[in-house]
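Peer 1: Quick one: the structure is below, questions incoming.
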Amino acid sequence: MQNNAAIEITALNKTYENGFEALAGIDLKIKRGEIFALLGPNGAGKTTLINAICGIVQPSSGRILVCGHDNVADYRLARAAIGLVPQELATDAFESVWNTVSFSRGLFGKPRNPDYIEKLLKQLSLWDKKDEQIRRLSGGMKRRVMIAKALSHEPDVLFLDEPTAGVDVELRKSMWAQVRALQETGVTVILTTHYIEEAEEMADRIGVINKGRLVITESKDVLMQKMGKRQMVFALREPLQAVPANLPDYSLALADNGNKLIYTYNAHQDHHDISDLLESLKEKNIRPKDIESRQSSLEEIFIQLVG
Ligand SMILES: Nc1ncnc2c1ncn2[C@@H]1O[C@H](COP(=O)(O)OP(=O)(O)OP(=O)(O)O)[C@@H](O)[C@H]1O
Ligand SMILES: [Mg+2]
């Protein structure tokens, strides 16, 4: 029977030797060809989960299938289906780009294929750097070399553990485009990130992980509707005792001893025109001296999700 899941995790637990429970009861299925983002704060268990799938961390219990192969019983087949770009980059600084990537392919026992390596380096905009020593590359280029290494043996599933941490906006965008191009070649991509915009930009589906538990797994569109709160903060000239009456359609709250009026709305659904709200406030003789707009942070979203 054709197995359509790239990853299938059942009842996965990981308690480290020191007794710390890093993963608790993870059940997760990721379809082939999906881009799946694992979103969570520091220490949530993202790297532990990825490393458990990749066979680097030994689970305490549970079962993991990679493209249908049990990652313990069929370790080699499971591992061959995986490419991993770890959170901590480590490469041989004195080796050339070409050699590093070709050697990595050899480690998986794949026959040499210079045409494929050339295609890969071109796709990742590294072709003109192929003979350069890795230590002479910029941080962003090094990260792309790590991606090329991870793809050198033509895996079905690519893991990117915080691919854009510390990467500038422009390069981040170009990496997003490259990951999407990879998806078009049929690769399943699983990435971790702290950045909600990154998950929003890239992912088909998002899993939110907190304290070792998957709090929610949802298609991006649904999740963004649930999560994407924005706020407009009006700094008032005169403090208010209460939220003005007869503005029932707006979700308004007071803060800072009545000196701030906060309008919360969903960034991904239609909301009132701000000018209408300002007009209504003006009618009530409320004139803000300053307006500030903010997006709810991941942390706030967590509080909302974890409750
Ligand atoms: N080898 C280990 N021994 C004991 N505890 C560990 C070990 N590795 C990780 N942990 C703990 O497990 C928890 C999850 O760590 P993990 O690296 O999976 O988090 P993460 O979500 O990847 O965080 P970050 O966003 O900072 O990379 C953390 O509390 C961490 O301290
Ligand atoms: Mg991590």
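Peer 1: Enter the angle in degrees (range 0 to 90, nearest 10) between the Cα long axis of helix 274-283 and the first principal axis of the Cα atoms of the chain, meaning the one along which they spread out most.
Peer 2: Here the helix axis deviates by roughly 20 degrees.
Peer 1: Given a 1.4 Å probe and the protein chains all in place, what does the accessible area of Tyr75 round to, in Å² to the nearest 10?
Peer 2: The accessible area of Tyr75 comes to roughly 100 Å².
Peer 1: Looking at Gln123, Leu89, Phe103, which one has the Cα that reaches farthest to the positive end of the dipole of segment 89-154 (charges on Cβ: Lys, Arg +1; Asp, Glu -1)?
Peer 2: The listed residue farthest towards the positive side: Leu89.
Peer 1: Taking each pair of distinct Cα atoms in segment 89-154 once, what is the resulting Kirkwood hydrodynamic radius in Å?
Peer 2: On the way: mean 1/r = 0.0877 Å⁻¹.
By the Kirkwood definition, the hydrodynamic radius is 11.4 Å.
Peer 1: Averaged per residue, what accessible surface does the chain expose to a 1.4 Å probe, in Å²? Walk me through the numbers on the way to the answer.
Peer 2: Values: 15780 Å² over 307 residues.
Spelled out: the 1.4 Å probe surface of the chain, per residue, equals 51 Å².
Peer 1: Got a sec? What order do Phe20, Phe108 fall in by accessible area at 1.4 Å, biggest, i.e. largest, first? Can you show the working numbers first?
Peer 2: Working: Phe20 115, Phe108 75 Å².
The ranking, largest first, comes out as Phe20, Phe108.
Peer 1: For a quick check: with amide H placed at 1.01 Å from N, whose amide H comes under 5 Å from Cys67's, ignoring anything fewer than 5 positions away on the same chain?
Peer 2: Ile7, Glu8
Peer 1: Oh, and also: What is the antiparallel percent of DSSP beta bridges lying wholly in the chain, to the nearest 5?
Peer 2: Details: 39 of 57 bridges.
So the antiparallel bridges in the chain amount to around 70 percent.
Peer 1: Here's a follow-up. Hey, which of these cross-link pairs are over 26 Å Cα-Cα: Lys31/Lys220; Lys122/Lys142; Lys29/Lys122; Lys122/Lys220?
Peer 2: Numbers: Lys31/Lys220 14 Å; Lys122/Lys142 15 Å; Lys29/Lys122 32 Å; Lys122/Lys220 30 Å.
Violating the 26 Å Cα-Cα cut-off are Lys29/Lys122; Lys122/Lys220.
Peer 1: Something else now. Which shape class, rounded, prolate or oblate, goes with segment 9-48 when its Cα gyration tensor gives a ≥ b ≥ c as root eigenvalues, a/c under 1.5 marks rounded, and past that a/b bigger than b/c marks prolate?
Peer 2: Values: a/c = 3.36, a/b = 1.65, b/c = 2.04.
Oblate, because a/c is 1.5 or more while a/b does not exceed b/c.
Peer 1: Here is a follow-up. Could you pull the accessible area for Thr47 with a 1.4 Å probe, rounded to 10 Å²?
Peer 2: For Thr47, solvent-accessible area is about 40 Å².
Peer 1: Continuing with the same structure: Calculate, for Asp70 and Ala177, the FRET efficiency according to 1/(1 + (r/R0)^6) with r their C-beta to C-beta distance and R0 25 Å; round to the nearest 0.05. Intermediate values should be presented prior to the final figure.
Peer 2: Numbers: r = 35 Å, r/R0 = 1.38.
For Asp70 and Ala177, the calculated efficiency is 0.15.
Peer 1: Of the accessible area of segment 1-107, with the probe set at 1.4 angstrom, what percent is carbon plus sulfur?
Peer 2: For segment 1-107, the apolar C and S fraction of the accessible surface comes to 52 percent.
Peer 1: Find out how many positive minus negative residues lie around Lys31, taking Lys and Arg as positive, Asp and Glu as negative, among other residues whose Cβ is under 9 Å from that of Lys31. The partial results should precede the final answer.
Peer 2: Numbers: positive: Lys29, Arg32, Arg205; negative: Glu34, Asp204.
Local net charge: +1.
Peer 1: Mind checking Rg over Rh on the chain, alpha carbons, Kirkwood formula for Rh?
Peer 2: 1.08
Peer 1: Let me ask something additional. Quote the FRET efficiency, to the nearest 0.05, computed for Asp276 versus Ala255 with a Förster distance R0 of 25 Å and r equal to the Cβ-Cβ distance. All intermediate terms of the calculation are to be shown ahead of the outcome.
Peer 2: Values: r = 22 Å, r/R0 = 0.87.
Once the sixth-power term is evaluated, E becomes 0.70.
Peer 1: Still on this structure: Can you give the local net charge around Cys67? Use residues other than it whose beta-carbon is closer than 12 angstrom to its beta-carbon, Lys and Arg +1, Asp and Glu -1. The partial results should precede the final answer.
Peer 2: Details: positive: Lys31, Arg32, Arg79; negative: Glu8, Asp70, Asp74, Asp156.
Residues near Cys67 contribute -1 overall.
Peer 1: To the nearest 500 deg cm²/dmol, what mean residue ellipticity at 222 nm is calculated for the chain from DSSP H runs of n ≥ 4 alone, each contributing -39,500 (n - 2.57), summed and divided by the residues? Could you put the intermediate results ahead of the total?
Peer 2: Numbers: 10 runs with 98 residues, N = 307.
The helix contribution divided over the chain gives -9500 deg cm²/dmol.
Peer 1: Stretch Ala90-Asn4 to full length: gain in nm at 0.36 nm per residue minus the Cα-Cα span? Write down the numbers at each step before the final one.
Peer 2: Values: separation 86, 0.36 × 86 = 30.96 nm, distance 3.27 nm.
So the chain would gain 27.7 nm between Ala90 and Asn4.
Peer 1: Now a separate question. Taking R0 as 41 Å, what FRET efficiency do you get between Lys31 and Arg135 from their Cβ-Cβ distance, rounded to the nearest 0.05? Intermediate values should be presented prior to the final figure.
Peer 2: On the way: r = 39 Å, r/R0 = 0.95.
About 0.60, to the nearest 0.05.
Peer 1: Can you work out ³J(HN,Hα) from phi for every residue in segment 176-181, in order, using Karplus 6.51 cos²θ - 1.76 cosθ + 1.60 and θ = phi - 60°, giving whole Hz and x for Gly and Pro?
Peer 2: Each residue's phi maps through the Karplus curve to give 4, 5, 5, 5, 5, 5 Hz.
The values are calculated or read from the model by the stated rules, or taken from the named source; none is laboratory data. Here the structure is a predicted model, which is why all the values come from computation and not from measurement. Quick reminder, even Gly has a Cβ in these numbers, built from the backbone with ideal geometry, and neighbours come from all protein chains shown. For accessibility, only protein heavy atoms count, side chains too; no ligands or nucleic acids. Shrake-Rupley method; radii C 1.70, N 1.55, O 1.52, S 1.80 Å.
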